[in-house]
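Notes follow the structure.
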Amino acid sequence: MRVISIAAALLLPSGLAAAQQLSVSPNETLEMQGLSVIVDEMHFHPVFHDEKNAGIQIILHGERIATDGAVRLSPTPEQWDPTPTFVKRERGPGPDQLTVISGYPDIHLSYRVTVSPEGAGFRIAVDLDQPLPDSLVGKAGFNLDFLPTSYFGKGYILGETGGVFPRNPAGPMAKDGSGDPLPLAAGGRAITLSPDDPATRVTITSDDAPLALYDARNRAQNGWFVVRSLIPAGKTENAIVWHVRPNVIKGWVRKPVVSFNQAGYTPGRAKVAIAELDPRMKAPKTIRLLRITADGRRALALKGTLKPWGKWMRYDYATFDFSSVTAPGLYEISYAGETFGPFRIAEDAYAHIWQPSLDTYIAEQMDHMSVREQYRAWSGLSHMDDARQAPPNIDHFDGYKMGPHLDSPFKPGQHIPGLNVGGWQDAGDFDIQTPQNALVVRNLVWGRELFGLDWDEDTIDQKARATEIRRPDGVPDALQQIRHGVLQLLAQYDVFGHAIVGIVSPTLKEYTHIGDAGSQTDRMIYDPKLGRDQNNGAYSGAPDDRWAFTSDAPSNDYAAAGALAAASRALAELDPALAGRCLEAAESLWRNQQNPGDRLDRPNRFEAGPDSLDLAAASATAELVIATKGEKAVYAAKLKSLLPAIEKRFAWLGASAARAMPYMDADYRARLAEITKAEKVRIDAEIAKTPFGVPVSLGTWAGSGQVAAFGADMYVLHKAFPDIIGPEYTLAAIDYLLGRHPATNLSLVSAIGTHSKLTDYTHNRADYSFVPGALTPGVLVIKPDFPEQKADWPFLWFESEATVASTATYILTANAAIAVAKEDE
């Protein structure tokens, strides 16, 4: 029997079902104007499990408000709790239905979810292959998660019970010691979320199983609001049946988004804005550039006509070229009743677009240091208890692996002295990923050699293990950061004779720590002879020391060799002795990879491609060619032999190969020019697929890092082959990173440009905050065709998690853009 409370019935959208109806699209989604229902286009991740991008998802009025519609084993599952395994999706059994087959093979639970249009809503039916075993009764249920920032401060009505979605998780919690959240409301068979806001209102009614509403943030800060029904004992067919009615505003059309470089433009460079348009919009052709005067008036600088580009994903795109406007000033764009800006046209528009990435973000990520900025403590002295030997034959929850070979003189669990120095915490978590640390070093060296990076804003005192931001010490920050990264790479080499995979928290409880890196561990070396709560000031009985994953993977050795070779050049004047150690270690690491033997099977953090070793070898060898000024024939010969690999992976290796060109022979230079010409054809074909002039990632991690690398690498190729590669690629990359991209027009670099991403997946994400200069991943395409960038929810790492490697690459790209912009002046 279907039961609907009087209150919920009154809130059902009136008259819309007859006028609008969902139907199955060619992409196998349910679609109508203002509403998309995505059915298991994205799946739970095999390593990271619940990424909040799987199962049944709802896009209402242009915003993804719900996700993870699936059978779950808890009302508020955490990220690494069990997730269902997707088997397949198929049309049917009815002509307008979609059915997903999934299950939990380990516990022999398999089920089907059938989604069917019902007027302006849809029906969800869960069928089990077999009744629930007793062990799952009261545990297995159907969950649908709703985005907290879409519902903060809005109401809900479950049955006859009403409430307001809390801004901060505030319980209730079970008092039985389990730590389980209790529902905000439960017991009815109808719930309306956001009855007070027609843009986010959704009503769900259940045929039989009662509904409950939970706040999963009570268990973990990245949790969502969860609507759930338990699967009844003994039922198989129609074990759960829900009727979901999102309120669709009649005739709703998404407002246009005009995207541009939020930092502005130098006078002489090309200036093209991009309009992202709902195909149902009656889009005006006229667009205006307005100059803002001192008294606040808007003076017409240019009246233009949008030039249609075509369709990409679900939106139409058009361009507005205002390159003819060169007068310095403050401007905004006016289109279809909306204004976008302000931004500058100025000679110094890009004068301060990269420095916060170096002096604040990279500094804040420093490990084995304390980091302060005036009154603010970014981090206490961190991880001085590094590290313990990871055990063999384990798969770590963050993708690290150890096989049977430790490649280490230490026993499992034993303390490894000497690793508590240098390095950067990789991202929003706190691990040291060796290849990513190596890339930071290399990119900062490139920055020094290509652009100077003569910027000193921080004091970095290695003896005191202290960094103070906004306190210059007379030494360029880039050089001191290069030295900081080198200290960790050399420590690994000194201890093991090779690079290691990385250093990471041993337990989920420790790994999910948010906040100050200095409080993640007790900073005292673990001594099993002490009780867990005992310490003597230097040793403690708490086994919280991070694990070192010590596999000797040749690709990591090459990465370290390349970084150390590069650093030997940059540090020659600052610290000649350290520079000498860097080159000696780099050459030793490189030699050891020429006959890697059985080390080729060593596990890395993620499975590497078949040509990954050649990729790593080419990059490292190029750095050694440069470091030895081409005087050692063995490196030049090796690099020349790797030209087929360079051609195959040109997007990754082209710039490295080009930087070594002055030290290589004429045949090498001629062959690289031929490869570059051919690759330009491929690159142009790839970037022509979107209106943005750069390659846009369609993977499970948004692609700003890829765009940054593209911009930097194309600059290097432009300088090497100016008759083949022009400057426009690098300018397109900086435009994308600073706002000219899909979904929004926010700069992807926090605090850079007028409007930027200010809720990041950084160490301070629980505060809905950011670290200045962090390059966030940006726009992810939710399959099949929805570009998304959540501006106000920090917990989607695939859109919001900055990394040290991608941000260091951005520093390169920003400086490259500054250089090529000057070519147009």
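The values are calculated or read from the model by the stated rules, or taken from the named source; none is laboratory data. Small disclaimer: the values here were computed from a predicted structure and weren't measured. Heads up, the Cβs are rebuilt from the backbone with ideal geometry, glycines too, and the neighbour counts pull from every protein chain shown. Side chains are part of the model used for accessible areas, which takes the heavy atoms of the whole protein and leaves out ligands, DNA and RNA. Shrake-Rupley method; radii C 1.70, N 1.55, O 1.52, S 1.80 Å.
Some observations on this one:
- Residue ID - surrounded by the most Cβ atoms within 10 Å (Cβ to Cβ), chosen from residues in the range 389-441 that are aromatic (Phe, Trp, Tyr) and more than 30 Å from Leu479 (Cα to Cα): Tyr400
- Within the range 353-367, tally of residues that are in a helix (DSSP H, G or I), among the hydrophobic types (A, V, I, L, M, F, W, C) and out of contact with any strand residue (DSSP E or B) (no Cβ under 6 Å at 6 or more places or on another chain): 2
- Residue tally, condition touching a residue at least 12 places away in the same chain (Cβ under 8 Å), more than 23 Å from Gly119 (Cβ to Cβ) and surrounded by fewer than 15 Cβ atoms within 10 Å (Cβ to Cβ), over the range 88-103: 1
- For the range 422-474, the set of residues classified as hydrophobic (A, V, I, L, M, F, W, C), under 15 Å from Ala499 (Cβ atoms) and out of contact with any strand residue (DSSP E or B) (no Cβ under 9 Å at 6 or more places or on another chain) consists of Ala438, Leu439, Val441, listed by residue number.
- Among the residues of the range 753-786, those identified as β-branched (Val, Ile, Thr) and farther than 18 Å from Thr360 by Cβ are Thr754, Val779, Val781, Ile782.
- Candidates Gly537, Gly502, filtered to the one that is in contact (Cβ under 8 Å) with a residue 12 or more places away in the chain and closer than 27 Å to Asn764 by Cβ: Gly502
- Selection within the range 287-320 - surrounded by fewer than 13 Cβ atoms within 10 Å (Cβ to Cβ) and either in contact with an Asp or Glu (Cβ under 8 Å, 6 or more places away or on another chain) or among the polar types (S, T, N, Q) (or both): Thr293, Thr305, Gly310
- Test: Arg599 is at pLDDT 95 or above and either in contact with a strand residue (DSSP E or B) (Cβ under 6 Å, 6 or more places away or on another chain) or part of a helix (DSSP H, G or I) (or both): no
- Test for Asp426: is it modelled with pLDDT of 95 or more and over 28 Å from Val47 (Cα atoms): no
- Per-region count, the range 677-702, residues open to solvent by less than 60 Å² (accessible area, probe 1.4 Å) and in contact with a helix residue (DSSP H, G or I) (Cβ under 6 Å, 6 or more places away or on another chain): 7
- Of all residues in the range 780-811, those that are open to solvent by less than 10 Å² (accessible area, probe 1.4 Å), in contact with a helix residue (DSSP H, G or I) (Cβ under 9 Å, 6 or more places away or on another chain) and within 29 Å of Ala478 (Cβ to Cβ) total 9.
Condition check ((1) surrounded by 23 or more Cβ atoms within 10 Å (Cβ to Cβ); (2) in contact with a Gly (Cβ under 8 Å, 6 or more places away or on another chain)) across all residues:
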| site | (1), (2) |
| --- | --- |
| Ser704 | yes, yes |
| Met714 | yes, no |
| Arg740 | yes, no |
| Ser750 | yes, yes |
| Ala766 | no, yes |
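- Candidate set from the range 573-612 (those that are among the basic types (Lys, Arg) and under 34 Å from the mean Cα position of the chain (by Cα)); member that is farthest from Lys401 (Cα to Cα): Arg599
- So Asp458, is it among the acidic types (Asp, Glu) and either open to solvent by less than 40 Å² (accessible area, probe 1.4 Å) or in contact with a helix residue (DSSP H, G or I) (Cβ under 8 Å, 6 or more places away or on another chain) (or both): yes
- Those residues of the range 479-513 which are more than 15 Å from Gln389 (Cβ to Cβ), under 23 Å from the mean Cα position of the chain (by Cα) and open to solvent by 10 Å² or more (accessible area, probe 1.4 Å), in sequence order: Thr507, Leu508, Lys509, Glu510, Tyr511, Thr512, His513
- Among strands (runs of 3 or more DSSP E) entirely within the range 184-225, having at least 2 residues that are in contact with a helix residue (DSSP H, G or I) (Cβ under 9 Å, 6 or more places away or on another chain) and buried (at least 22 other Cβ atoms within 10 Å of the Cβ) singles out 190-193, 202-206.
- Some residue of the range 227-241 being under 20 Å from Leu30 (Cβ atoms), touching a Leu at 6+ places or on another chain (Cβ under 7 Å) and in a strand (DSSP E or B): yes
- Cross-chain or 6+ apart pairs with Cβ under 6 Å, the range 179-205 first and among the charged types (D, E, K, R), then assigned to a strand (DSSP E or B): Arg189/Ser206; Asp196/Gly155
- The residue pairs whose first member lies in the range 647-670 and is more than 20 Å from Leu624 (Cβ to Cβ), whose second member is modelled with pLDDT under 95 and open to solvent by 10 Å² or more (accessible area, probe 1.4 Å), and whose beta carbons are closer than 7 Å, counting only pairs six or more residues apart or on different chains, are Lys648/Asp611.
- Among the residues of the range 22-45, the ones that are under 17 Å from Ile124 (Cα atoms) and open to solvent by 30 Å² or more (accessible area, probe 1.4 Å) come to 4 in all.
- Near pairs, Cβ below 8 angstrom, 6+ apart or cross-chain, from the range 685-709 (on the phi > 0 side of the Ramachandran plot) to any residue that is open to solvent by 30 Å² or more (accessible area, probe 1.4 Å): Gly693/Glu728
- Filtered residue count, the range 459-473, keeping only those that are aliphatic (A, V, I, L, M) and in a loop (DSSP other than H, G, I, E, B): 1
- All positions within the range 541-578 that are surrounded by 21 or more Cβ atoms within 10 Å (Cβ to Cβ) and without any contact (Cβ under 8 Å) to a residue 60 or more places away in the chain: Ala553, Asp557, Ser568
- Here Ser74, Ser150 are screened, and the one residue that is outside any strand (DSSP E or B), touching a strand residue (DSSP E or B) at 6+ places or on another chain (Cβ under 6 Å) and either without any contact (Cβ under 8 Å) to a residue 12 or more places away in the chain or of a type in the set (Gly, Ala, Ser) (or both) is Ser150.
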